[in-house]
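The structure appears below as structure tokens.
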Amino acid sequence: MKQTLTNQAKTTTFPITQVLRFSLEDMKAKGTRSRITALSIMLSVAFMVFLSTMASILAVMVGQTATVQTHYYLMEIIALMVCFVGVTNTMLMSVTERFKEIGVMKCLGARDKHVVIVFLFEALILGILGGIGGALAGLGIGMITFGLQVGWELITLVPLHEYARHVVTGLVTAVLLSEAGSLYPAYYVARLKPMDALRHEL
Amino acid sequence: MSYEYLVEAEDVTKEYVLGSMRIRALEGVDLEIRRGEYVSIMGPSGSGKTTLFNMIGAIDKPMRGKIYVDGVDITKLDAFELAWLRCRKIGYIFQTFSLIPVLTAAENVALPAIFAGHSQREATMKAIELLTLVGLRDRLNHKPPDLSGGQQQRVAIARALINDPQIVLADEPTGNLDLRTGRAIISVLRTINEERSVTVVTATHDLKMMGVSDRIVYLRDGRIERQETVADIELRRTAD
């Protein structure tokens with residue numbers, strides 16, 4: 001008389017449009033924190049793009065690319081590491097704050113995957129926003145600084161596609177950074193047993 | 001196919017490790033719950049109510065023993081099947097309401113239906129219907145922080161019902177509510193139990209629950225101390 005569950009369609013779903021709305025609503029509700037995270041991504045990407053813009057202009061000016069660039073890569077890496085830690089920290093905070101909510105979602109039928117996706121989506125949005133802002137700011141500041149110091153003609157000597165490359169690199173880095181920083185927190189919380197998540201009190 | 005019992009717990013035992021202490025929350029509990037029954041599990045705090053409740057609700061697994069829900073041994077299910085079971089067969093109501101704060105009342109109610117694979121439209125329609133049923137027709141787009149405790153618990157009841165579950169589990173549903181609001185919530189639970197023939201199990205130490213329950217299970221120190229049916233209570237009342 002006892003039966004077992006068969007596998008046919010006994011699964012739960014969370015469509016991507018719902019995930020998007022969920023993430024957006026949550027980011028709206030926690031506006032200040034979202035803005036600070038986006039800002040920290042923006043700052044480090046701005047710094048990175050600023051450095052590579054500077055390197056491009058200097059290369060045209062001096063003509064010795066190699067030595068200049070190794071030097072800047074090091075600074076870029078440090079900036080990105082600081083940002084990575086910042087993003088991870090913010091995402092961990094966001095995750096711990098929502099332990100209970102995640103427990104509830106799991107009781108309602110959410111699977112681990114669904115929980116991870118919500119957080120990765122938030123990270124994606126923050127990464128894109130911070131990335132666009134940061135890349136443009138870095139490029140702008142770099143061009144203006146050099147334009148004022150060494151003359152505007154020199155800036156135009158750098159091919160346009162090189163500037164474009166810096167912006168795209170900045171944006172991609174921002175998204176990767178943001179995703180990498182939230183992967184562990186998202187994975188950690190998704191694996192919590194619903195009961196442990198529910199019992200969690202802040 | 002229908003079995004007489006919707007829930008069958010056999011020899012359910014659970015221990016917790018708290019620091020260096022091992023705490024026996026449940027010691028060999030056997031319990032059967034019929035389809036359409038309204039059962040209250042009563043007992044002082046620490047008696048294992050919530051633990052038993054979590055076991056029946058597939059939120060936690062016992063160390064020993066079996067739990068059948070609708071003929072399926074839920075202790076043997078994997079994570080996917082458990083998610084499905086929680087989504088489709090069980091409706092949960094918590095003491096602290098546990099709504100998602102960033103979603104509106106209608107969205108909160110619709111969420112389990114989305115998980116179950118219904119379209120946004122279908123889910124919203126059903127959510128509105130259920131919110132109307134619990135008397136919140138005019139609060140569809142309010143978010144939980146803008147609702148009173150009683151209203152939040154009504155939203156939670158609507159959410160618990162959206163996938164037409166076979167069993168609604170309510171853990172201290174009136175614990176955070178005043179007397180009058182608590183009574184109203186109990187009467188809503190009783191109504192859905194009668195009109196929709198949903199099995200309702202509540203864990204409570206609220207004596208208001210006694211009158212509406214078909215059966216009361218008294219739990220003490222992780223064991224079932226005694227059980228009382230509504231007839232027993234009536235009998236005692238007339239004897240007094």
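The values are calculated or read from the model by the stated rules, or taken from the named source; none is laboratory data. Nothing here was measured: the structure is a model prediction, and the numbers come from that model. All Cβ positions, glycine included, derive from the backbone under ideal geometry; neighbour counts span all protein chains shown.
Points to keep in mind about this one:
- 3 or more residues free of Cβ contacts under 8 Å to residues at least 12 places away in the same chain: qualifying helices (runs of 4 or more DSSP H) within the stretch B:110-195: B:120-133, B:179-195
- Inter-residue pairs, beta-carbon under 8 Å, first more than 28 Å from residue A:174 (Cα to Cα) and at pLDDT below 90 and in the stretch A:138-153, second assigned to a helix (DSSP H, G or I) and β-branched (Val, Ile, Thr), 6+ apart: A:150/A:57
- Scanning the stretch B:57-74 for residues that are more than 7 Å from chain A (Cβ to nearest Cβ) and in contact with a Cys (Cβ under 8 Å, 6 or more places away or on another chain) gives a single hit, B:57.
- In the stretch B:6-75, counting only strands (runs of 3 or more DSSP E) that sit wholly within it, the ones holding 2 or more residues that are within 22 Å of residue A:197 (Cβ to Cβ) span B:21-34, B:64-69.
- In the set A:197, A:186, A:190, only one residue is within 20 Å of residue B:100 (Cα to Cα), within 14 Å of chain B (Cβ to nearest Cβ), among the aliphatic types (A, V, I, L, M) and touching a Phe, Trp or Tyr at 6+ places or on another chain (Cβ under 7 Å); that residue is A:197.
- A Cβ distance below 8 Å, combined with a sequence gap of six or more or placement on separate chains, defines the contacts here; from the stretch A:48-69, residues that are farther than 21 Å from residue A:134 by Cα and among the small types (Gly, Ala, Ser) reach residues that are at pLDDT below 85 and in a helix (DSSP H, G or I) in the pairs A:59/A:65; A:59/A:68; A:59/A:69.
- Of all the criteria given as (1) more than 16 Å from residue A:106 (Cα to Cα); (2) at the interface with chain A (Cβ under 10 Å from one of its Cβ atoms); (3) assigned to a loop (DSSP other than H, G, I, E, B); (4) under 15 Å from the mean Cα position of the chain (by Cα), the one not satisfied by residue B:97 is (1).
- Filter result (of a type in the set (D, E, K, R), closer than 23 Å to residue B:154 by Cβ and in contact (Cβ under 8 Å) with a residue 60 or more places away in the chain) within the stretch B:50-100: B:88, B:89
- First in the stretch A:106-128 and surrounded by 24 or more Cβ atoms within 10 Å (Cβ to Cβ), second anywhere and charged (D, E, K, R) and assigned to a helix (DSSP H, G or I), Cβ under 6 Å, 6 or more apart: A:107/B:86; A:109/B:86; A:123/A:179
- Considering residues of the stretch B:196-231 that are out of contact with any strand residue (DSSP E or B) (no Cβ under 7 Å at 6 or more places or on another chain) and assigned to a loop (DSSP other than H, G, I, E, B) only, the residue nearest to residue B:158 (Cα to Cα): B:196
- Residue B:77, sole failed condition from (1) over 20 Å from residue B:177 (Cα atoms); (2) within 11 Å of another protein chain (Cβ to nearest Cβ); (3) within 19 Å of the chain's Cα centre (by Cα): (3)
- Only one of the numbered conditions (1) farther than 30 Å from residue B:143 by Cα; (2) of a type outside the set (Val, Ile, Thr); (3) at pLDDT 90 or above; (4) touching a Gly at 6+ places or on another chain (Cβ under 8 Å) is violated by residue B:47, and that is (3).
- Pick from the stretch B:82-104, criterion at pLDDT below 90 and not hydrophobic (A, V, I, L, M, F, W, C), ranking: surrounded by the fewest Cβ atoms within 10 Å (Cβ to Cβ): B:101
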